Amino acid sequence: TEDMQQQIIRETFHLVSKRDDNVCNFLEGGSLIGGSDYKLIYRHYATLYFVFCVDSSESELGILDLIQVFVETLDKCFENVCELDLIFHMDKVHYILQEVVMGGMVLETNMNEIVAQVEVQNRMEKSEGGLSAAPARAVSAVKNMNLPEIPRNINIGDINIKVPSLSPF
């Protein structure tokens, strides 16, 4: 549930944020996360915390390296990533993370390959006008339809629909 998710986030932040900067970046998961069966592996960069929750069979150093690759890729894609980039471009952050990890499996750790795929995605979005341009493209497409006559009455069986006058202004 959403309440449980928020509790897990609060517990994770509480566990990670109270730790000293000179201690290791691995700790046992809290009671909500699964206790000793799970580990929290994190990195702290300025004001950002990147936390991965993994089972006890995962390599701590491998996950630290994965976090490093993820953060460097974000830094390269956003040119000095900050909190606002993560908040206002969450879709892009998720796309980058999915290029690195999908379904719990590490797919790619080569930062140049990840950045290349992100650039391909950006070019494709720009050529399509992006999702934000979809409503404008839809309105434009309807306006450019060459209908010989706008239907005024639509009859479907026993149903009679009167179409109001459609004026562009």
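Those residues that are farther than 30 Å from residue 36 by Cβ and exposed (fewer than 13 other Cβ atoms within 10 Å of the Cβ), I need them from the stretch 53-84; list them, please.
Within the stretch 53-84, 79, 80, 83, 84 qualify.
Test of understanding: among 58, 28, which residue is of a type outside the set (A, V, I, L, M), more than 20 Å from the chain's Cα centre (by Cα) and closer than 30 Å to residue 117 by Cα?
Result: 58 is the single residue among 58, 28 that is of a type outside the set (A, V, I, L, M), more than 20 Å from the chain's Cα centre (by Cα) and closer than 30 Å to residue 117 by Cα.
Could you please give the count of residues in the stretch 104-129 that are under 16 Å from residue 52 (Cα atoms), open to solvent by 80 Å² or more (accessible area, probe 1.4 Å) and not aliphatic (A, V, I, L, M)?
0
Taking the options 87, 96, name whichever one is within 16 Å of residue 125 (Cβ to Cβ) and either among the aliphatic types (A, V, I, L, M) or touching a Leu at 6+ places or on another chain (Cβ under 7 Å) (or both).
Unique residue meeting the criteria: 96.
Starting from the stretch 1-29, take each residue that is under 19 Å from residue 58 (Cα atoms) and among the acidic types (Asp, Glu) and list its partners that are outside any helix (DSSP H, G or I) and open to solvent by 80 Å² or more (accessible area, probe 1.4 Å), counting only C-beta distances under 9 angstrom and pairs at least six apart or across chains.
Here the result reads 28/38, each pair linking the stretch 1-29 to a residue that is outside any helix (DSSP H, G or I) and open to solvent by 80 Å² or more (accessible area, probe 1.4 Å).
How many of the residues in the stretch 1-52 are closer than 21 Å to residue 82 by Cα, assigned to a helix (DSSP H, G or I) and either open to solvent by less than 70 Å² (accessible area, probe 1.4 Å) or in contact with a Phe, Trp or Tyr (Cβ under 6 Å, 6 or more places away or on another chain) (or both)?
Qualifying residue count, the stretch 1-52: 3.
The values are calculated or read from the model by the stated rules, or taken from the named source; none is laboratory data. Because the structure is a prediction, the values reported are computed rather than measured. Quick reminder, even Gly has a Cβ in these numbers, built from the backbone with ideal geometry, and neighbours come from all protein chains shown. Side chains included, ligands, DNA and RNA excluded: accessible areas come from the protein's heavy atoms. Shrake-Rupley method; radii C 1.70, N 1.55, O 1.52, S 1.80 Å.
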